[in-house]
């Protein structure tokens, strides 16, 4: 008998996955099986090697479930990857046989790993350590995990199916991108030549085209007096860029190589020496942070009233928050260890603080009553400080939690902090940039000026936002985040019924979304928006759409928007219970989100189709209170009021809807509905008809 799926485990992937990382080197606790998916697939338990299923496709099923865990995977998603050329019934039969083989393996090793359902399969990740998950959730203190990245994902399972091979290529790129980002962060934290050399070699081994990593390696060898090794590193850089990226080194790299050969490497504009305990720093006047997109945020170790918390909760929580925030690609981070040396200096007021060149600082305090094991309470206060505006506090939040369960406490607070800091940073930066004269703005500035208008949905500002995003894309054609926001703009344009040429707008939204994913397959925001466009605008294959959303949630489970749009995709497919759970997760992560009306909108649709009309009305009223201009909110609320038989309220909502979208009718509602099941479409349309829509 399979165990019931825990809602808590379903909604908190980071919790169980990070636990797997902590148990990576030991066999005590819940970890009973270790799966290696990078390179050749293998498994082991506390007694040694575990025999994997003989059939390669059965091993592939296990790998797919392991990579998606703890979330369930649709059966037809697996068959589409492994039996794409077979008839659907034959493919389903082959999958059933593979599931039986996996269950036999579970019995052999004494673990109830598989949870099976009519539509889904799920792996019990609480008892499994997976190398890919360990790397995805690793911090800079766990840099040794990077040594696992040797080769591609499941190299021994290539050739099973063309669709599976394509999926493997994407997974491999994602793993290498994630590992490369961590390796770059570790490198940034080093200041001694020997440690720089080790970290840089690890980085370029994972990402051979990471030119900045090669430069750090060259400079470190030069600083250590090893000119021959520095020149050899340059030659390896040239070879890697030529063979892999089909390009040549930049002028900056060439200048450094010339300086090393001439014996003047110290004159090269690379990285200045820094005080002990701080990160290598490039000031805002060169090719360093000043020209990079995004903001620079430092996370300080939290101040604790109890010395025991200072050594445990404080440091661990700051590291977890750093890891959670690192999933947002536009946020550049300075880790807690780099700020520790400045803990006793006035915040932002000394030369060493100014040398860090931070835009924002996140710090906090920890207070505890009682012990960790006797029912005590912990209060954590977090605040976000703008370091450029006189250390102004722009956001704060207080978390009260039971003291028991240190790892759970850290995971929860880190996830909610990251989820709430991201939109606050976006809105704060948008306001700051909007207050400036608009004189030759950068692509980044244009994007931030446009984002608030996307959510306000008010003309003429909305049309102006589209023009700014178009100009920004001309200036930064390689920005995945920018193209994702532009795709979102087109998706909302279609949803509001404002597109002069709906078909052209639909196609533009699709092409921009695909471009964003191609530019950065590991960008969760791009994947989420691409999934939203596919499901809501293009009405593409819903299993593929859900898979895209699931990938986004693996990459960043702390993004409320990703949970909300994934909820919509699940309800389009008819899985309304999962959709409700995902929509509630978005609200739980960020209960006071400035864009919370969208989360309520995501809750309304599945609640309507479950017949929970009172919840639809309550969520609809909340959503319209925050943003009265979103037409889809009016549509869901109108349908619920129609089913409830409340004509007076329906009349007012209908008038509001037609003011936003004057040409909206039952016919256009039917044509544009993304709902896949006829019964769901009938429920939605019947409610609109009962409410008076013609």
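The values are calculated or read from the model by the stated rules, or taken from the named source; none is laboratory data. Computed from a predicted model, the values in this text were never measured in an experiment. Ideal geometry is used to build each Cβ from the backbone, glycine not excepted, and the neighbour counts take in all protein chains shown.
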**OP:** Spot the failing condition for residue 668; the list is (1) assigned to a helix (DSSP H, G or I); (2) surrounded by 16 or more Cβ atoms within 10 Å (Cβ to Cβ); (3) in contact (Cβ under 8 Å) with a residue 60 or more places away in the chain, and only one is missed.
**Re:** (2)
**OP:** Could you list, in sequence order, all residues of region 225-264 that are modelled with pLDDT under 85, more than 33 Å from the chain's Cα centre (by Cα) and part of a loop (DSSP other than H, G, I, E, B)?
**Re:** 225, 263, 264
Original post:
Within region 444-461, is even one residue surrounded by fewer than 17 Cβ atoms within 10 Å (Cβ to Cβ), in contact with a helix residue (DSSP H, G or I) (Cβ under 9 Å, 6 or more places away or on another chain) and not assigned by TED's automatic domain parsing to the domain that holds residue 347?
Top reply: yes
**OP:** Those residues that are within 18 Å of residue 420 (Cβ to Cβ) and surrounded by fewer than 23 Cβ atoms within 10 Å (Cβ to Cβ), I need them from region 558-584; list them, please.
**Re:** 584
**OP:** Filter region 594-615 down to residues that are assigned to a helix (DSSP H, G or I) and more than 28 Å from the chain's Cα centre (by Cα) and give me whichever is surrounded by the fewest Cβ atoms within 10 Å (Cβ to Cβ).
**Re:** 614
**OP:** Go through the residues of region 552-570 one by one and say whether even a single one is in contact with a strand residue (DSSP E or B) (Cβ under 8 Å, 6 or more places away or on another chain) and either more than 19 Å from residue 515 (Cα to Cα) or in the same structural domain as residue 513 (by TED's automatic domain parsing) (or both).
**Re:** no
Original post:
Among the residues of region 395-451, which ones are over 30 Å from residue 126 (Cβ atoms), assigned to a helix (DSSP H, G or I) and in contact with a strand residue (DSSP E or B) (Cβ under 8 Å, 6 or more places away or on another chain)?
Top reply: 424, 425, 428, 429
Subject >> Which listed residue is modelled with pLDDT of 75 or more, buried (at least 20 other Cβ atoms within 10 Å of the Cβ) and in contact with a helix residue (DSSP H, G or I) (Cβ under 8 Å, 6 or more places away or on another chain), from 335, 326 >> reply: 326
Subject >> Residue list for region 378-394, filter: out of contact with any strand residue (DSSP E or B) (no Cβ under 6 Å at 6 or more places or on another chain) and either in a helix (DSSP H, G or I) or without any contact (Cβ under 8 Å) to a residue 12 or more places away in the chain (or both) >> reply: 389, 390
**OP:** Answer with yes or no whether residue 494 is touching a residue at least 40 places away in the same chain (Cβ under 8 Å), in the same structural domain as residue 443 (by TED's automatic domain parsing) and under 17 Å from residue 628 (Cα atoms).
**Re:** no
**OP:** Check 619, 640, 650 and return the single one that is assigned by TED's automatic domain parsing to the domain that holds residue 692 and under 29 Å from the mean Cα position of the chain (by Cα).
**Re:** 619
Original post:
For region 358-369, what are the residues that are surrounded by 17 or more Cβ atoms within 10 Å (Cβ to Cβ) and either at pLDDT below 80 or over 30 Å from the mean Cα position of the chain (by Cα) (or both)?
Top reply: 368
**OP:** Consider residue 372 carefully, then state whether it is modelled with pLDDT under 90, part of a loop (DSSP other than H, G, I, E, B) and crowded, with 18+ Cβ neighbours inside 10 Å.
**Re:** yes
Subject >> Yes/no for residue 167 being under 22 Å from residue 555 (Cβ atoms) and in contact (Cβ under 8 Å) with a residue 24 or more places away in the chain >> reply: yes
Subject >> Test result for residue 686, buried (at least 19 other Cβ atoms within 10 Å of the Cβ) and in a helix (DSSP H, G or I) >> reply: no
Original post:
Any residue at all in region 338-356 that is at pLDDT 60 or above, closer than 23 Å to residue 447 by Cβ and surrounded by 15 or more Cβ atoms within 10 Å (Cβ to Cβ)?
Top reply: no
